[in-house]
Amino acid sequence: MVDFGGWSMPVQYTGIIDEHHAVRGNLGVFDISHMGQFFAEGADSAAWLNRLLTNNVDRLAVGECQYTFLLNENGGVIDDLIVYRVGETRYLMVVNASKIDEDFAWMEGQARDGVSFENHSAHYAGFAVQGPKSAQLFDSFFSGKYSRPARNEILAVEVDGLTYFIARTGYTGEDGFEVFCPAERAVRSWNDILRKGAEFAIKPCGLGARDTLRLEMCYPLNGSDLACDTTPLEAGLGIFVDLHKPEFIGRETLAEQKKHGVKRRLVPFKMTGPCPPPRSHYAVFKGDQKIAETTSGSLSPTLKAGIGMAYIPTEFARINEQIDIEIRGKRFPAVIEKKPLHRVGSTAN
Amino acid sequence: MNVPEDLQYAATHEWLRLDGEAGTVGISDHAQAELTDVVYVELPKVGAQANAGEQVCVVESVKAASDIYSPVSGTITAVNDALTAKPALLNTDPFGEGWIFKIRIEAGEDIEHLKSPAQYREQLGSADAGGEV
């Protein structure tokens with residue numbers, strides 16, 4: 001167990017590599033109760049959210065969600081999050097655990113008329129069920145009562161008179177669901193998932209596998225790959241930024257970057273020979289010149305090679321560009337690759 | 001937690017199997033469990049001088065890199081090359097096929113500072129959960 005943003009969480013249950021393979025090939029479940037949940041409600045909530053977030057909530061029908069960013073005035077990332085339209089004028093935001101207080105304070109501090117904005121993080125537990133068998137597990141719970149939400153949809157289901165939110169979202173690249181239930185139902189829901197999931201050989205998974213899975217997909221981790229001095233455009237995530245919106249916090253910087261191009265880009269790399277796993281904050285070299293520092297790194301259990309990401313100056317940020325990563329004083333060769341590093345469904349069952 | 005009786009232990013979780021003036025060194029069951037899946041071992045060089053209590057090689061798990069400290073001073077006489085291709089041996093067989101290096105112990109080297117199995121078991125019993133390797 002380790003401290004993660006103030007929470008005591010398991011790095012692993014049976015082994016990082018074992019859990020990683022379970023999710024890619026079968027079914028795994030993560031406790032994501034540490035994450036935060038905010039609700040915004042009111043006639044002006046969409047307009048208000050559109051002034052604070054980069055993506056365009058007007059695109060969301062009720063029951064749909066989108067990945068988006070909360071930026072500071074310089075266009076830097078405060079947090080990445082998913083916003084779900086759960087009612088006509090009601091939105092749920094799921095934010096990173098380590099940023100709950102900061103996100104809430106930032107958003108609450110932005111003037112809004114008639115929009116109620118509340119932090120319900122303490123009231124919700126969460127579980128991420130991920131893997132090719134996820135849909136079958138959903139059906140074993142809800143077949144006949146609810147049909148599966150489609151990818152990026154959220155369903156409010158009633159369990160014993162309480163509302164559970166079930167979204168077809170995830171951080172692993174596999175099919176899956178993120179379930180948000182009332183906190184008092186946490187232990188029972190976890191046990192129910194493991195019990196019904198036993199039929200599909202479900203495995204509980206910890207932080208270690210969560211990191212290796214998301215890194216293979218090149219999904220960014222706030223605090224590592226995203227920071228208050230990096231923009232979504234530099235991170236290559238411009239599709240989640242709607243510059244057609246006339247106004248949102250950070251828009252000016254992003255519009256400039258769009259116009260003139262970014263000076264550095266977040267790219268994934270793969271180690272090309274036997275070496276220790278790359279990790280974050282390792283120096284990246286082009287020849288003898290240090291050009292960057294890694295933001296993330298690990299061993300990819302699926303690719304069986306070291307992988308990572310770094311903000312590389314644009315002139316070197318090309319696919320197939322050879323670089324070196326300095327690992328504990330020695331340099332090892334790597335190559336910049338295309339995102340994602342792993343294509344879901346490409347591994348043999 | 002497996003703590004074989006025929007070994008001596010360092011507080012930093014390495015074990016030493018004595019065979020006259022020669023020793024074999026590895027990491028304990030506790031250490032491999034703390035490390036989680038070992039994915040890379042940086043073996044020491046044959047012929048290198050090792051000093052008791054000093055870092056002699058590095059073991060990497062998915063989670064983190066960990067320094068391994070030599071329990072005794074001496075000269076490294078052999079290293080377990082099998083660990084290069086199969087670093088997971090440290091997890092699956094830490095006291096057998098997961099041995100890391102053999103060492104010719106320096107004359108006059110005092111191994112009294114190492115722990116007996118009972119003393120090491122006591123150390124594990126009083127250790128905090130999640131202690132460093």
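We did not get these values from a lab; they are worked out from the coordinates using the rules stated. Fair warning: this is a prediction, and the values are worked out from it, not measured in the lab. A quick note on method: Cβ atoms are made from the backbone with ideal geometry, for glycine too, and the neighbour counts reach across all protein chains shown.
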Modelled label-to-label distance, residue A:192 and residue B:109, 7 Å Cα→beta-carbon offset: nm? 6.0
What do the square roots of 5 times the Cα gyration tensor eigenvalues come to for the protein assembly as shown, in whole Å, largest first, as semi-axes of the equivalent ellipsoid? 46, 28, 19
How high is the relative contact order of chain B, given as a whole-number percent (alpha carbon pairs under 8 Å, six or more residues apart)? 31
Counting other C-beta atoms within 10 Å, which of A:20, A:260 has the fewest, and how do the rest follow? A:260, A:20
In whole angstrom, and with the biggest value first, how far do the Cα coordinates of chain B range along each principal axis? 37, 34, 22
Note: probe point = Cα of residue B:124 + 7 Å toward Cβ; backbone nitrogen < 17 Å; residues of segment B:93-107 passing the test are B:93-99
Angstrom value of the Kirkwood radius, inverse mean 1/r, which spans all Cα pairs in segment A:1-154: 17.2
Net +/- balance of residues flanking residue A:226 in space, Cβ distance below 12 Å, scoring K and R +1, D and E -1: -4
Give me the net charge for the shell around residue A:281: Cβ to Cβ below 13 angstrom, other residues only, Lys and Arg +1, Asp and Glu -1. 0
Could you state, as a whole-number percent, how many of the C-alpha pairs of segment A:263-349 are farther apart than 15 Å? 52
In square nanometres, what is one fourth of the surface area of the convex hull spanned by the alpha carbons of segment A:273-316? 3.4
At 10 °C and 1.306 mPa s, grab the translational diffusion coefficient of segment A:150-211 from Stokes-Einstein with a Kirkwood Rh over Cα pairs, rounded to a whole number in µm² per second. 123
For residue A:32, residues with placed amide H under 5 Å, excluding near neighbours: A:126, A:127, A:128
For chain A, what relative contact order do you get, as a whole percent, if you take Cα pairs closer than 8 Å and at least 6 residues apart? 19
How much mean residue ellipticity at 222 nm does chain A get from its helices, if each DSSP H run of length 4 or more adds -39500 (n - 2.57) and you divide by all residues, to the nearest 500 deg cm²/dmol? -5500 deg cm²/dmol
With the charge dipole of segment A:263-349 built from beta-carbon charges (+1 for Lys and Arg, -1 for Asp and Glu) about the Cα centre, the Cα from A:333, A:291, A:314 projecting farthest to the positive end belongs to A:314
